[in-house]
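**Q** Just passing along the structure, written as structure tokens.
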């Protein structure tokens with residue numbers, strides 16, 4: 001299912017995205033990837049959600065597929081097709097939240113995602129309401145987006161009691 005998601009993302013960005021002008025959003029797409037890599041690094045021994053690998057075999061390779069293919073492709077689609085006018089912008093953002101939520105709901109039904117330590121589908125939906133506006137914010141005000149990302153991450157790590165202070169091994 002995850003490889004299929006990557007293939008669909010690639011096809012979609014070639015059909016509906018302005019992939020020739022990807023450089024315009026390059027920094028924000030890296031910000032998107034950094035967010036996913038940060039999650040995986042900080043929760044490596046305490047995943048709040050875990051993607052079950054298809055034939056890719058494990059969570060780490062599946063996450064790399066999302067970090068470097070799915071998220072940049074869908075991020076480009078979201079940003080490149082961002083409309084003018086507040087009402088249209090809200091509807092566009094809600095559309096992408098809905099797309100991601102439905103996709104994750106399907107993953108939940110097919111057991112391609114596993115929630116742990118109190119995380120639920122609804123927490124994922126709540127994060128989407130922060131994630132998409134933060135991506136758009138990063139395009140114009142990257143420093144503010146980094147600060148908000150850091151604060152949001154810190155609150156979630158605290159709320160779910162994620163142990164990030166792993167002791168250094170004795171030599």
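**Q** Using alpha carbons only, how many degrees (0 to 90, rounded to 10) separate the axis of helix 71-80 from the longest principal axis of the chain?
**A** The helix 71-80 is inclined about 30 degrees to the chain.
**Q** For region 78-171, what is the convex hull volume of its Cα atoms per residue in Å³?
**A** Per residue, the Cα convex hull of region 78-171 comes to 155 Å³.
**Q** Hey, another quick one. Please express the Cα-Cα pair-distance distribution P(r) of the chain as a list of whole percents, one per 10 Å bin, running from 0 to the bin with the greatest distance.
**A** 9, 36, 38, 14, 2, 0
**Q** Calculate how steeply helix 121-140 sits against the longest principal axis of the alpha-carbon atoms of the chain, using the helix alpha-carbon long axis, and give the answer as 0 to 90 degrees to the nearest 10.
**A** 50 degrees
**Q** Give me 93, 38 sorted ascending by neighbouring Cβ count inside 10 Å, so fewest comes first.
**A** Starting with the residue having the fewest Cβ neighbours, the order is 38, 93.
**Q** What distance in nm lies between label points placed 7 Å from Cα along the C-beta direction at residue 161 and residue 36?
**A** Using points 7 Å along Cα→Cβ, the separation is 3.0 nm.
**Q** Working from Cα positions, state the angle (0 to 90°, nearest 10) between the long axis of helix 142-159 and the longest principal axis of the chain.
**A** The two axes meet at around 40 degrees.
**Q** What FRET efficiency would be calculated for the residue pair residue 129, residue 153, taking the C-beta separation as r and a Förster radius of 22 Å, to the nearest 0.05?
**A** 0.90
**Q** When 43, 120 are ordered from fewest to most other Cβ atoms inside 10 Å of their Cβ, what list results?
**A** 120, 43
**Q** Please give the Cα centre distance for region 102-136 versus region 19-40, rounded to the nearest Å.
**A** Taking the Cα centre of each part, region 102-136 and region 19-40 sit 19 Å apart.
Coordinate-derived values only; no laboratory data. Treat the numbers as computed from the prediction; the structure is a model and nothing was measured. As a convention, Cβ positions derive from the backbone with ideal geometry for all residues, glycine included, and neighbour counts pool all protein chains shown.
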